[in-house]
Structures are given as structure tokens and as C-alpha cells.
């Protein structure tokens, strides 16, 4: 059986807003998975304005769903984004960073874009019949919450590489 991105999902409570915390970034949770939080807004890596929607589903991807590529007769684990949110007609992939400039020779946007593209490709390989009218990918960085990302070439390249996903760099998602 192939990958299933819909395991371990959770319905989000119909609230005005909630947060997503990447425990790997904040060290505030016992697991290394991203999770939904309703009360500790100061700890949120990403704020989600959900307008009391009752159809929002959350799924942690990083450290929850693993995918590999074969390389020189070995399996190499690939980096994935942190989480996915979806409704009947929309899907959002989210990568959370918490570093201001460069890490391992890459900017936070370069690293996040790589992880998002990789996850999206694996998602649609595993679920080719799933369709969504609204497709977004978010890079959220609490260390740079006012970061303006306007590189139109990279945004267009991302859209092409991911079959139509719109890339946004923001610590806030509006559903």
C-alpha cells in the first residue's frame, strides 16, 4: 500500500481562530509533530483565521508521514513540510520555520519551498484523484513575521512545479 496523507487527521473545532505549533521549533510539546492549539496564542507559530468553519481538517505531516527516494540502492528519507489543512474544496500545505536568516546554507524560504514542493509531489502521487479548487502553500516564520516575499519568478516557478499551488509567506492563514 502507498502513502496515505489522510491518516491521523483531526477535525478542527469550529472557532474564530486557532494556532498551529510546530513542536520541533518550539520544544513545547512531547512529540515532534505540528499540532493545533486553541488557547496559547503567544506560542502559535502560525495563526489560522477559520471564521467558525466546521469543515476544517488538520494533519501533521513531518514526523508522521515519511517518504523516501531510492538513491544508489539505499532509501533516503526526504524532507517534508510540517502540516496540511483541507476542506471540501481547498488544501493548504504549511512549512514552519523559526530562524531569521540562513541555516545550512539556505534561506528559510529556499528550504521551505523545497520541503513544500517535495510534499506536494508526493501527495498527488499518492492521491492522484483528489482535486481542490483552491490550492495554497504557506511558509510561516515566527522569527520573520513581517517578511515580504515578492520574488515573482520563484512564485511562478513554484506554481508551475506544483501544478497550480499559490505560494504565500505569512504567519497568518485566512480560510
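Filtered by the rule that a residue be touching a strand residue (DSSP E or B) at 6+ places or on another chain (Cβ under 9 Å), modelled with pLDDT of 85 or more and either surrounded by 13 or more Cβ atoms within 10 Å (Cβ to Cβ) or not in a loop (DSSP other than H, G, I, E, B) (or both), the range 14-41 gives 17, 18, 19, 20, 21, 22, 33, 34, 35, 36, 37, 41. Checked against (1) surrounded by fewer than 17 Cβ atoms within 10 Å (Cβ to Cβ); (2) at pLDDT 95 or above; (3) in a strand (DSSP E or B), residue 48 passes all but a single condition, namely (1).
The values are calculated or read from the model by the stated rules, or taken from the named source; none is laboratory data. None of these values were measured; they are calculated from a predicted model. Please note: Cβ atoms are built from the backbone with ideal geometry, for glycine as well, and neighbour counts cover all protein chains shown.
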